[in-house]
Amino acid sequence: MNDSQSGDRLQEFVNSADVKSRLADLDRAIVELRFTEGLRRNWAAARAEASVELAHFESTIDGARTDLAELRVATLSAGTTGSNTGLAASTPSWMEKTENQPGAETGGTNAQDGTGATGVADPSVLHALDYWKAHRFVERTWPPLNSRGPVRVVEQPLPRVLSGIHKILTGRLASEHLIREGDVAIPSDPQALQGVNQILNAQLPAPVRAGLLIWFAGQRPAFASHSVQVARTFARHHLVMSGYEPTGTLLASLEVARSNDALAAFSNPDPRPWLSAYIDAMRAATGPTLEMIRHVQAGRLPQ
């Protein structure tokens, strides 16, 4: 992100008539999503369901296929991470230490049989559960969508948030000795965090910043493993906290998983093909997201 020519190319990309038109179309769809009737009272349940479905889709991108209904049952067995109705004025509970809580936010392992703390033995479901816990981790820091009074939102320091997400995604694997314990929650390339900061502060539309966060994690991993997985969760978090997509329900990863263009463009050293596909994926995801919200409102969750 230090290359001025790369920055110029990105600005040219964003300012092109085609991309501006697609971003404007996405903006309109996001406004419709924000004010859909189904979120007036059910926004917390819709956010929670989105976390389950995003875990399902993102584990699929990683090659770990799960059954959505089975995963939903597994999340119920795993328990929730607490109320997501807003931020406490003090340090959120997800920032507290979890060393003595097997199977809590870091994902635990049953020492007797090697299964996850929920009793799940399917590696794909365990992989998806790690994603779900990561999404719930950031979800708890978001302000309530519909509040009658002012809400004080406190942004946590970037290294703390990224390390917290990484701990959740990799803690179970470290406990099973599949990755080094010393690599958990500790950046292997601290300089990569500067690149992330530059993206967050770039004068670019929020969807472009979110897409860049994911692409950059693939090009310059901040951690020894799971950097892209961290970035997927953090991109959702950024869209909410930036105010662009405050509902936290957009199922962007559903369309990324379906898009051959997006999957093929991700490893391209030029971010523009990936960003183009990511913008399209976000726009395409608004329809399925509205449908999911209607299911939540009706009490009939998709299978």
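List of remarks:
For (1) at pLDDT 85 or above; (2) within 18 Å of the chain's Cα centre (by Cα); (3) in a loop (DSSP other than H, G, I, E, B), each residue gets a yes or a no:
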| site | (1), (2), (3) |
| --- | --- |
| Leu76 | yes, no, no |
| Gly114 | no, no, yes |
| Leu126 | yes, yes, no |
| Val138 | yes, yes, no |
| Pro144 | yes, yes, yes |
| Ser147 | no, no, yes |
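- Some residue of the stretch 229-242 being surrounded by fewer than 18 Cβ atoms within 10 Å (Cβ to Cβ) and touching a residue at least 12 places away in the same chain (Cβ under 8 Å): yes
- Residue pairs meeting the criteria (Cβ under 8 Å; at least 6 apart or on separate chains; first closer than 15 Å to Leu193 by Cβ and in contact (Cβ under 8 Å) with a residue 40 or more places away in the chain, in the stretch 151-162; second part of a helix (DSSP H, G or I) and open to solvent by 60 Å² or more (accessible area, probe 1.4 Å)): Leu158/Asn197
- Looking across the stretch 205-228, the residues that are in a loop (DSSP other than H, G, I, E, B) and open to solvent by less than 20 Å² (accessible area, probe 1.4 Å) come down to Ala222, Phe223.
- Those residues of the stretch 244-272 which are among the small types (Gly, Ala, Ser) and without any contact (Cβ under 8 Å) to a residue 12 or more places away in the chain, in sequence order: Ala264
- If you go through the stretch 149-164 and keep only what is part of a helix (DSSP H, G or I), open to solvent by less than 60 Å² (accessible area, probe 1.4 Å) and not polar (S, T, N, Q), you end up with Leu158, Val161, Leu162, Gly164.
- Hits in the stretch 165-196 - residues which are open to solvent by 70 Å² or more (accessible area, probe 1.4 Å) and either under 20 Å from Phe216 (Cα atoms) or not in a helix (DSSP H, G or I) (or both): His177, Leu178, Arg180, Ile186, Ser188, Pro190, Gln191, Gln194
- Residue check, Glu70 modelled with pLDDT of 75 or more and open to solvent by 50 Å² or more (accessible area, probe 1.4 Å): yes
- In the stretch 149-190, the residues that are among the hydrophobic types (A, V, I, L, M, F, W, C), over 17 Å from Ser227 (Cβ atoms) and within 21 Å of the chain's Cα centre (by Cα): Val153, Val154
- Looking only at residues in the stretch 156-186 that are among the polar types (S, T, N, Q) and more than 15 Å from Tyr131 (Cβ to Cβ), the one that is modelled with the lowest pLDDT is Gln156.
- Reported count of residues in the stretch 255-300, each being under 21 Å from Ser21 (Cα atoms), modelled with pLDDT under 95 and open to solvent by 40 Å² or more (accessible area, probe 1.4 Å), is 1.
- Any hit, the stretch 187-208, residues being under 23 Å from Ala78 (Cα atoms), acidic (Asp, Glu) and modelled with pLDDT of 95 or more: no
- Within the stretch 23-45, the set of residues being in a loop (DSSP other than H, G, I, E, B) and among the polar types (S, T, N, Q) comprises Thr36 only.
- Scanning the stretch 1-20 for residues that are over 14 Å from Val208 (Cβ atoms) and either at pLDDT 95 or above or crowded, with 18+ Cβ neighbours inside 10 Å (or both) turns up just one, Ala17.
The values are calculated or read from the model by the stated rules, or taken from the named source; none is laboratory data. Computed from a prediction, not measured in an experiment: that's the story for all the values here. Cβ atoms come from the backbone with ideal geometry, glycine included; neighbour counts cover every protein chain shown. The protein model used for the area step is the full one, side chains on, heavy atoms only, and it has no ligands, DNA or RNA in it. Shrake-Rupley method; radii C 1.70, N 1.55, O 1.52, S 1.80 Å.
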